[in-house]
1. Any residue in the range 93-109 that is within 16 Å of ALA186 (Cα to Cα) and in contact (Cβ under 8 Å) with a residue 12 or more places away in the chain sitting within a Cβ distance under 7 Å of a residue that is part of a strand (DSSP E or B) and among the small types (Gly, Ala, Ser)? List the pairs, counting only those 6 or more apart or interchain.
2. Which of the residues belonging to the range 151-177 are exposed (fewer than 14 other Cβ atoms within 10 Å of the Cβ) and either β-branched (Val, Ile, Thr) or in a strand (DSSP E or B) (or both)?
3. Among the residues that make up the range 194-205, is at least one of them within 30 Å of LEU126 (Cα to Cα) and out of contact with any Leu (no Cβ under 8 Å at 6 or more places or on another chain)?
4. Enumerate the strands (runs of 3 or more DSSP E) found wholly within the range 280-353, keeping only those where 1 or more residues are in contact with a Phe, Trp or Tyr (Cβ under 7 Å, 6 or more places away or on another chain) and surrounded by 14 or more Cβ atoms within 10 Å (Cβ to Cβ).
5. Could you please give the count of residues in the range 270-309 that are more than 30 Å from GLU243 (Cα to Cα) and touching a residue at least 40 places away in the same chain (Cβ under 8 Å)?
6. Only one residue in GLU125, GLU116, GLU137 is without any contact (Cβ under 8 Å) to a residue 24 or more places away in the chain and either surrounded by 13 or more Cβ atoms within 10 Å (Cβ to Cβ) or of a type in the set (Phe, Trp, Tyr) (or both), so which one is that?
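The values are calculated or read from the model by the stated rules, or taken from the named source; none is laboratory data. Source: prediction; values computed, not measured. Neighbour counts are summed over all protein chains in view; Cβ atoms, including those assigned to glycine, are modelled from backbone coordinates with ideal geometry.
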Amino acid sequence: MKAEKGQKPHRRISRGAMVTWSLLVLVVVAIVVMSRLKPPEEVVEEAPEKAVLVRAQVVVPRAIDDTVVLPGWVEADVSATLAVEKGGRVTEVTVDRGDAVTKGQVLLRIDGRHWEVLKKQASIELADAERDLSRWEKLKGEGAVSTSDFDAIQHRRNMAAVAAEEAAVHISQCELTSPIDGVVDARYVELGEYVSEAQSVLKVVSLDPLNVVVNVPERDVHAVKVGTVLRLSTTTQPDVTFEGCVSFVAVAGDVQANTFAVELSMENPPETLKPGMIVDVELCRSAREKAVVVPFSAVVPKRGEHIVFVVEDERTVLRVVQIDSIVGQDVVLTSGLSEGDVLVIEGQRTLQDGVLVSVAGAAPAEQE
């Protein structure tokens, strides 16, 4: 069919275009339907903050002895290394290691036959000189001798007496005696050995009294006075304590260590305490009436400072504290805490400032 003149011919729509437009319409309709069917967004509620369980105690100032424990060591009151005065062969050793000895007891003898011969010779000469002097004294009384001749005879007698005394000294030096009451700690020679003059042969130590030497820091030496009684203990018997009396305080300190040597004397010490042992010496530097004392475990070191946590309005507050001294398992603080503060004593290691906490206990600090 032909189009009439003056009319536009109709454009025929292809079948493929109709399918494409149909699909687009379906997609749009599906999107609209799905948007209307989409459920509303769920409202996410925030979980409530969980409180951290801790233990705490109320800070209550109390009296405490500011005591420091210092290491010391036990020494014998006298430790004498004995040497012979005469050289010669050892003819007798009367003691062995561990034997108790008394002052003046003969411990060792040296062959002194040579000196005994000289003593006999000196004794004979002395007897002759005394007889001659006796005769000359009678002659002098009668005026039969000159003064110079009598003086010569008298001088001879005096020199003979000196020689006899010298020989007796030599013989006595062949015997070694103990200068103290004590115990033989070492023996360096055997019977029959030849020893030279001034050679060490025995060591004797005195076990009563015993001395304890301790180096006291410069800032604490003011608390030590001669006559002060201090308490001692050993690591082998921590539950057993002893007492020692300060007998000496050095007037000059060690400039490198900033310490002063202090010596304590122990009368009638127990047998378990031996020279060379290490002991703990308790020194009370001062007594405080109202000190802020807290458990050492409650203090947390952090970046060169010491911190604690207190509880205010159920939340933690970080405090920086200053430690003055450590007394056993406690520390004495000079700043950072006040009376009435609720101090966290357990669970503080993982805390931060401002954390919500639940306090399991906030009892007052134990009084001593």
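1. Close Cβ pairs satisfying both conditions: ARG97/ALA186; VAL101/GLY182.
2. VAL162, VAL169
3. Going residue by residue through the range 194-205, those that are within 30 Å of LEU126 (Cα to Cα) are 197.
Then keep just the ones that are out of contact with any Leu (no Cβ under 8 Å at 6 or more places or on another chain); that gives 197.
The answer is yes; a qualifying residue exists.
4. Working: elements: 300-302, 305-312, 315-327, 330-335, 342-346.
Passing ranges, in order: 315-327, 330-335, 342-346.
5. Residues flagged as more than 30 Å from GLU243 (Cα to Cα) and touching a residue at least 40 places away in the same chain (Cβ under 8 Å) within the range 270-309 amount to 5.
6. GLU137 is the lone residue from the list that is without any contact (Cβ under 8 Å) to a residue 24 or more places away in the chain and either surrounded by 13 or more Cβ atoms within 10 Å (Cβ to Cβ) or of a type in the set (Phe, Trp, Tyr) (or both).
Okay, residues lined up against (1) under 30 Å from CYS174 (Cβ atoms); (2) at pLDDT 70 or above; (3) assigned to a strand (DSSP E or B):
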site	(1), (2), (3)
LYS8	no, no, no
VAL19	no, no, no
VAL44	no, no, no
LYS50	no, yes, no
ALA56	no, yes, yes
ALA63	no, yes, yes
GLU85	yes, yes, no
ASP96	yes, yes, no
LYS103	yes, yes, no
